[in-house]
Amino acid sequence: MRTQKILDGTWHFAFSESEPDLEKIHFANVLSVPGCFDVTAPYYGRRGYGIYRRRVETGGPVKLSIDGVGISGKVFWDGEKIGDLKYAYMPEDFFFQAGKRGSHELVIVTCNFYNKIFFPFYDFYGYGGIFGSVILEELPNLFIRQVRINTMDYRTGRMRLRVDASEACAREIRLCLDDGKVFEEILEQGRLDTEFLVPDFRLWTPGTPNLHHLRVTLGNDEIIEEFGIREIHTEGTKLLLNGKELRLMGYNRHESHPYFGAATPLSLMTADLQFIRAQGCNFIRGSHYPQRRSFLTLCDRLGMLVWEETLGWDVKPPELLSAEFLEQQLDQARKLTRAGFNHPCIIIRGFLNETESQIPEVRPIIKALYDAVREEDAQCLITFASNKYEQDCCMDLVDIIAMNPYPGWCDADWETVSGVPNVRPRFQRLVDSLPPDKPYMISETGGSAVYGFHDPYRARWSEEYQARLLSEAASVALNDPRYCGLSIWQFCDAKSYINGYVAGRPRGFNDKGVCDEYRRPKMAWDALRKCILNSEYLRHNGGIPVMEETDLK
Ligand code: ADA
């Protein structure tokens, strides 16, 4: 097995408002990795360069994995640049020669200035720092670069396997399944493309998240890949998981917490997902950027279905139509699909949240992104979340239609006592306008509530108003077979425009969470639990039970 060094811990740290000269940096402070420097004194809310340094005892060929940074970064090894971290939140692997065995210097320069991929108008805070683990693996000279495993037939346990080696060589490769069946194959030109059968296999579903393991041995290199056997596809307006109707219910979730920023610890992610699952939910939309590898592993093991998407929020022309923007989106889409390929939890891949999909010029962009993802992954469902509703002209290009309607919130009249009665008719008009032959889900809907604000009039921004609004939305979408899914905007309040009172972001937060930013549930959490308990959705959620009233005491 490979020697793995988890480099998380206390690193030396320096902050600079301008591009730093690595030779002149004085590392006067220390910070934790993972961690966001801008949620930590004395750097609260500051924009600039956060420079992290530590020493590593190693040598020879290595792989360095960084599970996301913000907003961008660069990596240096003994003073030499080994790579860029161009995209916020994107997991990256760097393969390089670490030099002679001994002590080496690793520097990661992060930068939280906005750029042409992460614009300041995005409705979520642009955190700076190292969001996920930094891991170094020592490699032999010939090593396994990537293993891809996907289900070909869930009825027989037939899987497809692709292994890529570091060199275009012809070598024997040994595969061992769940520590039992062994089979040998030959790599050709550094690649193996084959199929295999898993004996005594167990399917992966949300209620029974069974996983299998494949040990791959090539010369002196060996890795173990975890995978699940499951097939997702659509049939008319339905989603099918392993041939059975599947409906989705869950939340949009940001990686956000007042103390951790986007570098949320695994224990918090776990608590979030367990809380969501306790409602009987089976789905998370990872809005609006790549998810951490640790989060996806957690979703695989817990049985949570995931929509993963590239970074991009309401980008408009001219940026949207520029060749540079498209190139970056395509690059992100390919990288992300490859990085998450073996995670059975990812059933939907998306891009360009709320794009200008009502204008014909955007069709080739959607098509190109669709094709880029499809080229990497033949099975996942591909889509984007639209807010162009009846005007959207790209619905024929995706596998599942996903819309973000906000009736009862964005359309409520100032004088109207309540916008809740708008929900049902608006949802119905939208459904009536859709192509009749594709699955449809509500990828976002919601309304704000300030935690702890109660009002006998059920005024907007009160917990009472939000609970009524979301109950109405859920009672429609969870009981009508025309909807294959509902994902509420959003799981918890998340930091956004810090001076955004006018933009409807009092406290500097997007307050549409069903919990506040410290995960304290608002009234809507229990209201939704009750809706789920009595819904048709529950018969098609893949077998996740709802937490009982008695367990809530
Ligand atoms: C959009 C967007 C979300 C959030 C939401 C809101 O639908 O996709 O990221 O900004 O609006 O709260 O208004």
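Placing +1 on the Cβ of every Lys and Arg and -1 on the Cβ of every Asp and Glu, with no other charges, gives the chain a dipole of roughly 740 debye about its Cα centre.
Only helices enter the 222 nm calculation for the chain: every DSSP H run of n ≥ 4 contributes -39,500 (n - 2.57), and dividing by all residues gives -5000 deg cm²/dmol, rounded to 500. Taking all protein chains into account, the per residue accessible area for the chain stands at 39 Å² (1.4 Å probe). Across the range 38-69, the residues whose backbone nitrogen lies under 14 Å from the label position 7 Å along the beta-carbon direction of Lys100 are 58-60. Since only Thr10, Pro456, Gly303 are under comparison, the one whose Cα sits farthest along the positive direction of the charge dipole of the chain, derived from C-beta charges on Lys, Arg, Asp and Glu, is Pro456.
Spatial offset of the range 359-423 relative to the range 102-120 amounts to 32 Å, using the alpha carbon center of each. Each Lys or Arg adds one and each Asp or Glu takes one away; over the other residues whose Cβ falls under 13 Å from the Cβ of Glu184, this sums to +2. When each of the peptides 440-447, 352-359, 100-107 is scored by the mean number of other C-beta atoms lying within 10 Å of its residues, the order from highest to lowest reads 440-447, 352-359, 100-107. What are the GluC sites (Glu not before Pro) within the range 294-333 that DSSP puts in a loop, where the Cβ has at most 15 other Cβ atoms within 10 Å? In loop regions of the range 294-333 (DSSP not H, G, I, E or B), the sparsely surrounded GluC sites (Glu not before Pro) are Glu319. Beyond 24 Å in Cα-Cα separation lie the following of the pairs Lys116/Lys335; Lys74/Lys335; Lys238/Lys522; Lys335/Lys367; Lys244/Lys522; Lys86/Lys438: Lys238/Lys522; Lys244/Lys522; Lys86/Lys438. For Ile348, neighbours were defined as the other residues whose beta-carbon sits under 10 Å from its Cβ, and their charges (Lys and Arg +1, Asp and Glu -1) total -1.
The amide H of Cys36, built 1.01 Å from its N in the peptide plane, has Ala263 as neighbours under 5 Å, considering only residues 5 or more places off or on other chains.
Solvent-accessible area of the range 443-553 (1.4 angstrom probe, protein heavy atoms only): carbon and sulfur portion equals 56 percent. For Arg174 and Glu390, a Förster radius of 51 Å and the Cβ-Cβ distance give a FRET efficiency of 0.35, rounded to the nearest 0.05. Unpaired Cys in the chain, meaning no second Cys C-beta under 4.7 Å: Cys36, Cys111, Cys169, Cys176, Cys281, Cys380, Cys393, Cys394, Cys410, Cys484, Cys531. Reported to the nearest whole Å, the Cα centre-to-centre distance from the range 430-448 to the range 1-17 is 44.
Using the Cβ of Asp516 as centre and a radius below 15 Å, the other residues enclosed give a net charge of +2, where K and R count +1 and D and E count -1. Label sites at Leu268 and Tyr501, each approximated as a point 7 angstrom past Cα along Cα to Cβ, lie 2.6 nm apart. Taking 0.36 nm per residue of separation and subtracting the current Cα-Cα distance, fully stretching the chain between Asp526 and Gln379 would add 49.4 nm.
Close amide-amide hydrogen proximity is noted between Ile82 and Val75, Phe76, Trp77, each under 5 Å apart and 5 or more residues distant or on a separate chain (H modeled in the peptide plane; Pro and chain starts excluded). For the chain, hydrophobic long helices are taken as DSSP H runs at least 15 Å long by C-alpha position along their axis with mean Kyte-Doolittle hydropathy of 0.0 or more; these are 266-278, 523-533.
The values are calculated or read from the model by the stated rules, or taken from the named source; none is laboratory data. Just so you know, these numbers come straight off a predicted model, no measurement behind them. Please note: Cβ atoms are built from the backbone with ideal geometry, for glycine as well, and neighbour counts cover all protein chains shown. Please note that ligands, DNA and RNA were not included when accessible areas were found on the heavy atoms of the full protein model with its side chains. Shrake-Rupley method; radii C 1.70, N 1.55, O 1.52, S 1.80 Å.
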